[in-house]
Amino acid sequence: MSPQKTSTETEHLIWLCRRLSSALQADMPVLEALESVKEEAAAEVRELLKPMRASVAAGKFLSQGLAAAGAPAWVWRSLYAAETWAATTHGLDRIADELEAEASLPRSAASRLGLLGLTLARLGLMFDLKAPILTALEAAAESVTDDDVRCEVLAAGSAVRAGVDLSDALMECCPDLPRAAIDMIRDAERASRLSAALPVIADYLLDVARDERPRHQKQEASNA
């Protein structure tokens, strides 16, 4: 699966996460759950399941098989963090939520601001699942489809590695992030609430990105 997923590939990944979470919540052993999902899966999903089954059979994590299948880094690294903390079903559901949010973003809104919103959402997810901050930044950056935004997020990761706070790193490296968003991230850092705050900030940025019509068009719409 390529970093720039088609909508069909995203739909397959969402279905897999939801269905596998359901099977695991029914207290099925992991291999049995994979077999149960396979019986209902489309051919493309069965291709994802093959390396996942091989990974589990070898005593490894589901996420390691998902990585071998070519899933986006933020997806399998989020699942890896969830499995490490024995929160696999929670992780699968959260990943599916984020994939659905990404799929719902109109193509016209896939701007730098929208991509930054998606990146913050993925960071929030990975922090919620206890992923280390540098791992989270690198994984989120890898699946960004815009080269400039990807470089900005990676540069922010380098700054964090050098000891800079996340809010300051994003302010320095991501000029399209509104100052209000930076201030909210800084407040969340001070309160140790990043995992809770980032999805809220991401939703705000995505809402703005979805409504990126020129100002005069917005005014005309409000007067209609």
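The values are calculated or read from the model by the stated rules, or taken from the named source; none is laboratory data. Here the structure is a predicted model, which is why all the values come from computation and not from measurement. Note that we place each Cβ from the backbone using ideal geometry, even for glycine, and neighbour counts take in every protein chain shown.
Test Asp165 against the stated conditions and say whether it is surrounded by 13 or more Cβ atoms within 10 Å (Cβ to Cβ), farther than 23 Å from Leu105 by Cβ and not assigned by TED's automatic domain parsing to the domain that holds Trp76.
yes
Of all residues in region 39-87 being within 14 Å of Glu9 (Cβ to Cβ) and touching a residue at least 60 places away in the same chain (Cβ under 8 Å), which is surrounded by the fewest Cβ atoms within 10 Å (Cβ to Cβ)?
Checking each candidate, the answer is Gly70.
Inside region 126-147, can you point out the residues that are among the charged types (D, E, K, R), under 14 Å from Ala73 (Cα atoms) and modelled with pLDDT under 90?
Glu142
Kindly provide the set of residues from region 146-159 that are surrounded by 20 or more Cβ atoms within 10 Å (Cβ to Cβ) and either of a type in the set (A, V, I, L, M) or closer than 21 Å to Leu206 by Cα (or both), ordered by number.
Val149, Glu152, Val153, Ala156
Answer yes if at least one residue in region 144-160 is in the same structural domain as Leu194 (by TED's automatic domain parsing), under 23 Å from Leu16 (Cα atoms) and either under 15 Å from the mean Cα position of the chain (by Cα) or not aliphatic (A, V, I, L, M) (or both), and no otherwise.
Yes; the residues of region 144-160 include at least one that is in the same structural domain as Leu194 (by TED's automatic domain parsing), under 23 Å from Leu16 (Cα atoms) and either under 15 Å from the mean Cα position of the chain (by Cα) or not aliphatic (A, V, I, L, M) (or both).
State all residues of region 180-196 that are under 16 Å from Ala131 (Cβ atoms) and among the aliphatic types (A, V, I, L, M); if no residue qualifies, say none.
Leu194, Ala196 - these are the residues of region 180-196 that are under 16 Å from Ala131 (Cβ atoms) and among the aliphatic types (A, V, I, L, M).
In region 111-143, which residues are polar (S, T, N, Q) and closer than 16 Å to Leu99 by Cα?
Answer for region 111-143, where residues must be polar (S, T, N, Q) and closer than 16 Å to Leu99 by Cα: Thr119, Ser143.
Among the helices (runs of 4 or more DSSP H) lying completely within region 1-63, list those that include at least 1 residues that are hydrophobic (A, V, I, L, M, F, W, C), modelled with pLDDT under 95 and within 17 Å of Tyr80 (Cα to Cα).
43-57
Give me the helices (runs of 4 or more DSSP H) completely within region 158-224, filtered to those with at least 3 residues that are modelled with pLDDT under 90, ordered by residue number.
Working: elements: 166-173, 179-190, 194-210, 215-223.
In region 158-224, the matching helices (runs of 4 or more DSSP H) lie at 194-210, 215-223.
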